[in-house]
Amino acid sequence: MAELLSIILAAGEGTRMRSATPKVLHEVGGLPMVSHVLRAALAAGAGEMAVVIGPGHDDIRAAVARQAPSAMVFEQAERLGTAHAVRTAQAAYANASGNVVVLYGDTPLVTAQTVAAVTARLDDGADLVVVGFEPEDPTGYGRLLTAGELLLAVREHRDATEAERAVRLCNSGIMGFKAATLRAVIDRIGNDNAKGEYYLTDAVELANIDDLAVAFTVVDPREVIGADDRAKLALAESYFQERRRREHMAAGVTLHDPGSVYFSWDTEIAQDVVIEPNVVFRPGVRVGEGAVIHAFCHLEGAQVGPGATIGPFARLRPGAELEEGAKAGNFVEVKNARIGRGAKVNHLTYIGDADIGARANIGAGTITCNYDGVNKHRTVIGADSFIGSNSSLVAPVSVGEGAYVASGSVITRDVEPGALALARGRQENKPGYAGKLRARAEAVKRARAKE
Ligand code: UD1
């Protein structure tokens, strides 16, 4: 396979997004669109990547550096068209010897397979390959003018005749070139057209003039959706989710109601996990084999060990780590805390900045008071301990192994292993006192009625 350079165009202004955030930084599956494109290019074997951004977009530069530290970034000072954008990255392809694939930063669902298919066609002898698709409504897209297997030209909508506009096969924007072909045509592209822009699509006619081999492939329109406004972004998100749901099910995950489960780009779920309806995975979640996620859970930056159970209505925040067979039940919130093997936190509880030992039982309504208004502190609960319901553990504090905390306690001092801690008012029973109380209340009521 020849070396691959991918040029990603991301200098569009994105005005239709109506956003302070640049278009390509809007997220799909919790990851900026441009990062998805970089990942696809990398997975297809791109050894070099060049991203063309608008002037002053340091936030895009930073996102690119996070995803692909070795990617080159070029600033296109003036937005003069897709060919002009590619020319901006001239330093990247000037000495390239292999293939060049041009992708768009706002087309996040492009797959590595499609990029690889384009490069395979180039390796098989094509000099230029255009990826086409058939949208429901072709208005606005460039049309692929074909003759059998041959691609004669790509005609932009504004420049097309009525007959050409009737063509339904459109340009997705993904184009592959042999590096030598790109160099041979790119500087000959002019801007004598309806938009007065330098169209990269004009490369097709120029390559044909040079008698080069120009080919096209066709992909599912959902793969090449461009998200240039919020409605298209939502559509891209829904296609992304459909894809992920299919992939997880194919990998052995049970989804009771796939359409109500939302994954992130990096969600990792092992085989035989069961996920009930209405579950949201934000980035950074790993779920181990055989775990069960009951309905209405929200997870972010969390690890759920094999055979662990969460929910219904559990929230796992960043740093939550449930070990094998642990349980976090209904209305339980866990943040930056480890819940040891087989430990149970079953009801109405907040566990933050804590470490809970194996097999510990945390009673309903337990709260780790981890924040004093200024600093966060840790709570350490030993293995096999028992925390009675409605206890507050005021951190920093520890409860030793096998210790017992009485219900309703406010624990402010460490509890040694095996001890019983009682930290609540002592109970006093007054025989017959209930009747006296009632009589007093009724007297008050009568007095008020007279007033
Ligand atoms: C382009 C194609 C069209 C195709 C359509 C698919 C050309 C001339 N036309 O049209 O055939 O059907 O995409 O969506 O190529 N960009 C820059 N700098 C520029 C101009 C564009 O970086 O100066 C980037 C944009 O950020 C975007 C991409 O290139 O990611 C496409 O630009 P856009 O203006 O959306 O292209 P269209 O005119 O819609």
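The values are calculated or read from the model by the stated rules, or taken from the named source; none is laboratory data. A quick note: this is a predicted structure, and the numbers were derived from the prediction, not measured. Glycine gets a Cβ as well: all are built from the backbone with ideal geometry, and neighbour counts include every protein chain shown. Each accessible area value is taken on the protein alone, full model and side chains, heavy atoms only, with ligands, DNA and RNA left out. Shrake-Rupley method; radii C 1.70, N 1.55, O 1.52, S 1.80 Å.
Selection of region 30-60 for residues being closer than 22 Å to T267 by Cα and more than 11 Å from the ligand (Cβ to nearest atom) yields G30, L31, P32, S35, H36, L38, R39, A40, A41, L42, A43, A44. Kindly evaluate L103 against the criterion of being among the hydrophobic types (A, V, I, L, M, F, W, C), surrounded by 19 or more Cβ atoms within 10 Å (Cβ to Cβ) and in contact with a Leu (Cβ under 8 Å, 6 or more places away or on another chain). For L103, the condition - among the hydrophobic types (A, V, I, L, M, F, W, C), surrounded by 19 or more Cβ atoms within 10 Å (Cβ to Cβ) and in contact with a Leu (Cβ under 8 Å, 6 or more places away or on another chain) - is met. The set of residues in region 195-210 that are open to solvent by less than 50 Å² (accessible area, probe 1.4 Å) and either charged (D, E, K, R) or under 21 Å from E78 (Cα atoms) (or both) comprises G196, E197, Y199, L200, T201, D202, A203. F177 fulfils the conditions (1) within 15 Å of the ligand (Cβ to nearest atom); (2) open to solvent by 30 Å² or more (accessible area, probe 1.4 Å); (3) closer than 30 Å to L4 by Cα except for a single criterion, (2). Only helices (runs of 4 or more DSSP H) whose full extent lies in region 145-215 are considered here, and the ones with at least 1 residues that are under 18 Å from R87 (Cβ atoms) and in contact (Cβ under 8 Å) with a residue 12 or more places away in the chain are 179-186, 203-209. Determine whether A166 is closer than 27 Å to V34 by Cβ, more than 14 Å from the ligand (Cβ to nearest atom) and either in the same structural domain as V34 (by TED's automatic domain parsing) or in contact with a Phe, Trp or Tyr (Cβ under 8 Å, 6 or more places away or on another chain) (or both). No: the conditions fail for A166. Look through region 180-194, keep the residues that are open to solvent by less than 20 Å² (accessible area, probe 1.4 Å) and either of a type in the set (K, R) or within 13 Å of the ligand (Cβ to nearest atom) (or both), and return whichever of them is farthest from Q113 (Cα to Cα). Filtering first and then ranking leaves I189.
If only residues of region 218-240 that are in contact with a strand residue (DSSP E or B) (Cβ under 6 Å, 6 or more places away or on another chain) and part of a helix (DSSP H, G or I) are counted, the one that is nearest to the ligand (Cβ to nearest atom) is V224.
Restricting attention to region 112-144 and to residues that are over 19 Å from L206 (Cβ atoms), part of a loop (DSSP other than H, G, I, E, B) and touching a residue at least 60 places away in the same chain (Cβ under 8 Å), the residue that is nearest to the ligand (Cβ to nearest atom) turns out to be P135. Pairing residues of region 61-89 that are within 10 Å of the ligand (Cβ to nearest atom) with residues that are acidic (D, E) and assigned to a helix (DSSP H, G or I), at Cβ distances under 9 Å and at least 6 apart in sequence or on separate chains, gives A83/D202.
Quick check: is even one residue across region 313-325 within 21 Å of H377 (Cα to Cα), of a type in the set (K, R) and open to solvent by 50 Å² or more (accessible area, probe 1.4 Å)? Looking for residues that are within 21 Å of H377 (Cα to Cα), of a type in the set (K, R) and open to solvent by 50 Å² or more (accessible area, probe 1.4 Å), one finds at least one in region 313-325, hence yes. Of all the listed residues (E247, E242, E289, E237), the sole one being open to solvent by 30 Å² or more (accessible area, probe 1.4 Å) and assigned by TED's automatic domain parsing to the domain that holds A360 is E289. In this structure, V214 does satisfy being touching a Leu at 6+ places or on another chain (Cβ under 6 Å) and over 25 Å from S35 (Cβ atoms). Looking at region 408-425, is at least one residue assigned by TED's automatic domain parsing to the domain that holds E324, assigned to a loop (DSSP other than H, G, I, E, B) and crowded, with 18+ Cβ neighbours inside 10 Å? Yes, some residue in region 408-425 is assigned by TED's automatic domain parsing to the domain that holds E324, assigned to a loop (DSSP other than H, G, I, E, B) and crowded, with 18+ Cβ neighbours inside 10 Å.
You will find that of R438, R424, R448, the residue that is closer than 21 Å to I367 by Cβ, among the basic types (K, R) and over 39 Å from the mean Cα position of the chain (by Cα) is R424 and no other.
Specify the residue that is farthest from the ligand (Cβ to nearest atom); the eligible residues are those in region 1-29 that are on the phi > 0 side of the Ramachandran plot and open to solvent by less than 30 Å² (accessible area, probe 1.4 Å). Ranking the qualifying residues of region 1-29, first place goes to G29.
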